[in-house]
Structure formats: C-alpha cells, structure tokens
Amino acid sequence: LLPFQNEIELGNFSFQCVEQVKFLGVVLSKKLNWKRQIENIITRTEPYLNILRSFTNTKWGADPQTGLLFYRSTIRSVLDYGAIFYGSAAVIHLKKIDRLQNKSLRIILGALQDTPINVLLAEASEPPLHLIRRVLADRFTARTYSQNPQNF
C-alpha cells in the first residue's frame, strides 16, 4: 500500500509489503481489483472442466443431470466461494467467470458454441452468476445483521 516502504514494523513484529496475499483461499492484491482472484478461480476449475469433458458426451457418457450435479458440487462451489468480495470486480473480469459457467454448461448439455446463453441457462435450470452473487451478498448481509443489529 505504501510504495516507498518495504517493511512495516508494529511493536515487535515486522511485516513485508507484498503485491498479493492469499487469505482463506481468497487472493487479495494491492489494488483490490480482484483480477488475480478471478485468474485463480479459472486455474482451479480447469481440472474439473477436464473431468466434465471426460464423462459427458452427446453420444455416450453420463446424462446431463449427472453433469449438472458434478458442476454444482465442484465448479459452482469454487465460483461461489468469495463471490461477495470479488462481485465488485470490473465487468471485464466478471465476464471471464461467466464464460467459465457457459463453457461448463455447453459441455454438460452438448450444446453448440452459437447456442444463446439464455437458452443454456434455461435448459440447465441455472440462474445467471450475477444473480447468484447478489443472493450470496444479500444472505451475508442478512446473516450479519441478524447476529449483531446494533452495528448497522
């Protein structure tokens, strides 16, 4: 945060200034633009996409319901974790996560690349990610308020 200092001392402790830090699985960068966190999400979900490709196919493999179950339990859980924080990222970064969801649903449903996104979401009975992020943020706010209303 302070570009002219490499180290901050607080009492007997010394802290190094770094560009980014990972705290509870969420990557916090110096600029707080969430780009690194979103890149981390995409990297973490690649193996799951490969597994999804291996057991879903239009001619053979698991049915779409099994693929959706796998998607929700692996990929969506990674997307949802920390969404209340990175939900404030720039639209260009959030679009990367939306593309990841669309790619997953195309694999599961065996849909073509030019299938409209609203059709994909309807066929999979999945809400758009911007609504999911909103619901998660609202739940967090409601839970925080109910636990300690005098802080609001």
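Descriptive notes on the structure:
- Choice from 118, 57, 12 showing the highest fluctuation, given a GNM over the chain with Cα pairs closer than 10 Å: 12
- Exposure proxy order (Cβ contacts within 10 Å, fewest to most) of 60, 34: 60, 34
- Contact order normalised by residue count of the stretch 33-151, Cα under 8 Å, 6+ apart, percent: 31
- Separation between Cα centres of the stretch 1-53 and the stretch 127-152, rounded to whole Å: 24
- Projected over every direction and averaged, the convex hull enclosing the alpha-carbon atoms of the chain yields 12.6 nm².
- Distance violations [Cα-Cα > 28 Å] among 22/95; 35/59; 22/96: 35/59
Every read-out reported here was derived from the displayed coordinates using simple, explicitly stated rules and does not represent laboratory data. For clarity, every value in this text was computed on a predicted model and none was experimentally measured. All Cβ positions, glycine included, derive from the backbone under ideal geometry; neighbour counts span all protein chains shown.
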